[in-house]
Amino acid sequence: AQSVTQLDSQVPVFEEAPVELRCNYSSSVSVYLFWYVQYPNQGLQLLLKYLSGSTLVKGINGFEAEFNKSQTSFHLRKPSVHISDTAEYFCAVSRPSTRTDKLIFGTGTRLQVFP
Amino acid sequence: DAGVIQSPRHEVTEMGQEVTLRCKPISGHNSLFWYRQTMMRGLELLIYFNNNVPIDDSGMPEDRFSAKMPNASFSTLKIQPSEPRDSAVYFCASRGASGSPYEQYFGPGTRLTVT
């Protein structure tokens, strides 16, 4: 079975500073990995995904993530954050073996960007 | 594309009443997911359907909860009788069989308050 651990429940950061949100996964098989963002009072929106190929994945809004198989990590990064990046971020994993499989979500990291 | 549509957006009801939440997935999508989000438990998958058939309902809390998908364009989540601990935001998400098959598109959610 797969599981996802988001190591930080909250990350405070000042505007224009870099940020890294950490995600580790556990799986006995290969996985697909995702980052979703949830703005206040809204549903989740896909930021980026890793399915195969290059381990550095670029997403929307200037975010990127790097898949590290040896460390079973998929950390999310942004070199310079904006106030508008304040949101909850969820890491998720899915098995690639079947199209009917579900996503397993982490507990989320709340990013708070201060002016 | 209208995206995933959920209704109502807000529901306030008294303990013991029946509650029905509705979801219209994105046209052409063949998988539908119901999630519940609370501060205490985070984002939980309740049930998901593939081609209108329930695939995994292991997340449904108890017999008070039931979900149906009578056709490809409509699903309901029913709680009967409702209890205060059911208060949460309920999300519906859908996924297509082609394009980005592992990307789930979330609706805006229904905020349920049971008093």
How well do other chains shield peptide A:36-42, expressed as the mean number of their Cβ atoms within 10 Å of each residue Cβ?
-> 3
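If you rank B:Tyr35, A:Tyr39 by fewest surrounding Cβ atoms within 10 Å, what's the result?
Working: B:Tyr35 26, A:Tyr39 13.
Lowest count first: A:Tyr39, B:Tyr35.
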May I ask you to evaluate 6.51 cos²θ - 1.76 cosθ + 1.60, the Karplus curve with θ = phi - 60°, for each residue of the stretch B:29-46 and list the ³J(HN,Hα) values in order in whole Hz, giving x for glycine and proline?
-> 6, 10, 10, 9, 10, 10, 10, 10, 10, 9, 5, 6, 10, x, 9, 10, 7, 8
Between B:Asn50, B:Asn71, B:Asn30, which gets the highest mean-square fluctuation from a Gaussian network model of chain B, Cα cutoff 10 Å?
-> B:Asn71
Gain in span if fully extended, B:Ser58 to B:Arg22, counting 0.36 nm per residue against the direct Cα distance | 10.9 nm
What's the Cα-based Rg to Rh of the stretch A:28-79, Rh via Kirkwood?
-> 1.00
Pseudo-spin-label distance A:Ser3 to A:Glu66, built 7 Å along Cα→Cβ, given in nm, is 2.6
What percent do you get for the relative contact order of the stretch A:27-115 when only Cα pairs under 8 Å and 6+ apart count?
-> 28
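Which net charge results when you count Lys and Arg as +1 and Asp and Glu as -1 among the other residues whose beta-carbon is under 14 Å from that of A:Gly43?
+3
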May I ask for the net charge around A:Tyr89, where only other residues with Cβ less than 12 Å from the Cβ of A:Tyr89 are counted and Lys, Arg are +1 while Asp, Glu are -1?
-> 0
Looking at B:Ile26, B:Pro70, B:Thr113, which one has the Cα that reaches farthest to the positive end of the dipole of chain B (charges on Cβ: Lys, Arg +1; Asp, Glu -1)?
-> B:Ile26
Which one of A:Ile60, A:Asn24, A:Tyr39 is farthest out on the positive end of the charge dipole of the stretch A:14-115, using unit charges on Cβ (Lys, Arg +1; Asp, Glu -1) and the Cα centre as origin?
-> A:Asn24
Over the Cα atoms of chain A, what Rg and Dmax result, in angstrom?
-> 13.7, 44
Roughly how big is the stretch B:41-86's charge dipole about its Cα centre, with Cβ charges of +1 (Lys, Arg) and -1 (Asp, Glu), in debye to the nearest 20?
-> 140
The local net charge around A:Ser26, scoring Lys/Arg +1 and Asp/Glu -1 for residues other than A:Ser26 whose Cβ lies under 13 Å from its Cβ, equals +2
What order do you get for A:Lys102, A:Lys49, A:Lys69 when you list them from fewest to most C-beta neighbours inside 10 Å?
-> A:Lys69, A:Lys49, A:Lys102
From Cα coordinates alone, what are the radius of gyration and Dmax values for the stretch A:1-64 in angstrom?
-> 13.3, 39
Pairs of lysine in the protein assembly as shown with Cα under 16 Å and at least 8 positions apart or on different chains: total?
-> 8
Chain B, Kirkwood Rh and Cα Rg, ratio Rg/Rh at 0.96
Per principal axis, descending, Cα span of the protein assembly as shown in whole Å | 49, 41, 34
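Could you list B:Val89, A:Val93 so that the one with the fewest beta carbons within 10 Å of its beta carbon is first and the one with the most is last?
B:Val89, A:Val93
Every number here is computed from the coordinates shown, using simple stated rules; none is lab data. Nothing here was measured: the structure is a model prediction, and the numbers come from that model. Glycine also receives a Cβ, built like all others from the backbone with ideal geometry; neighbour counts cover every protein chain displayed.
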